[in-house]
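Student: Take a look at this one; I'll ask things after.
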Amino acid sequence: MITAMPMGSSRSAACCRSLHQPITSASRILGFGCLSAAMTRHQKDWLGRTLPAQAKRWLRGGGGVLLVVALAINMACLGAAYGAIAWLGHLTIGAVVAVAGFKWKTV
């Protein structure tokens, strides 16, 4: 039998601690990937052409939303103050991974 547990219970806290890292990692790397793909320079390097203006807007919007999702998850799991600080550190890691991936592709 499944019973509902309050949000502050140890089971939900443990689940939040174990799942927020992979979800926020994917969110911030994909977010930076979308933001980079929205740039004309990177489009020319990767695709050999530029994307239409509407596609660029969708990529910028999607990238921003993914970064805000990572912030929301961090704040929900770690608390507002520590979640925001951790998010800034995670953004740095996500940017480094995204840039490294793009450099590897262009080499």
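The values are calculated or read from the model by the stated rules, or taken from the named source; none is laboratory data. Since this is a predicted model, take the numbers as computed values, not measurements. Positions of Cβ are generated from backbone atoms using ideal geometry, with glycine treated the same way; all protein chains shown enter the neighbour counts.
Student: Could you count how many residues in the range 1-54 are within 23 Å of L66 (Cα to Cα), among the basic types (K, R) and modelled with pLDDT of 80 or more?
Tutor: Counting residues in the range 1-54 that are within 23 Å of L66 (Cα to Cα), among the basic types (K, R) and modelled with pLDDT of 80 or more gives 2.
Student: Mind counting the residues in the range 88-107 that are touching a residue at least 24 places away in the same chain (Cβ under 8 Å) and within 11 Å of R28 (Cα to Cα)?
Tutor: Adding up the residues that qualify gives 7.
Student: Can you tell me how many residues within the range 61-79 are surrounded by fewer than 19 Cβ atoms within 10 Å (Cβ to Cβ) and assigned to a helix (DSSP H, G or I)? Let's see the steps before the verdict.
Tutor: First, the residues of the range 61-79 that are surrounded by fewer than 19 Cβ atoms within 10 Å (Cβ to Cβ): 61-62, 64-65, 68-69, 72, 75-76, 78-79.
Now drop any that are not assigned to a helix (DSSP H, G or I), which leaves 61-62, 64-65, 68-69, 72, 75-76, 78.
Number of matching residues: 10.
Student: Then there is this: So which residues in the range 18-54 are hydrophobic (A, V, I, L, M, F, W, C), under 27 Å from A72 (Cα atoms) and surrounded by fewer than 16 Cβ atoms within 10 Å (Cβ to Cβ), if there are any at all?
Tutor: The first filter runs over the range 18-54 and keeps only residues hydrophobic (A, V, I, L, M, F, W, C), leaving 19, 23, 26, 29-30, 32, 34-35, 37-39, 46-47, 51, 53.
This time we only want the ones that are under 27 Å from A72 (Cα atoms), so: 19, 23, 26, 29-30, 32, 34-35, 37-39.
Listed by number, the residues that qualify are L19, I23, A26, M39.
Student: Tally time: how many residues in the range 80-107 are farther than 19 Å from S18 by Cα and surrounded by fewer than 15 Cβ atoms within 10 Å (Cβ to Cβ)?
Tutor: So the answer is 12.
Student: Just the residues that are in contact (Cβ under 8 Å) with a residue 24 or more places away in the chain and touching a Cys at 6+ places or on another chain (Cβ under 8 Å), please, taken from the range 72-87.
Tutor: Selection gives A76, C77.
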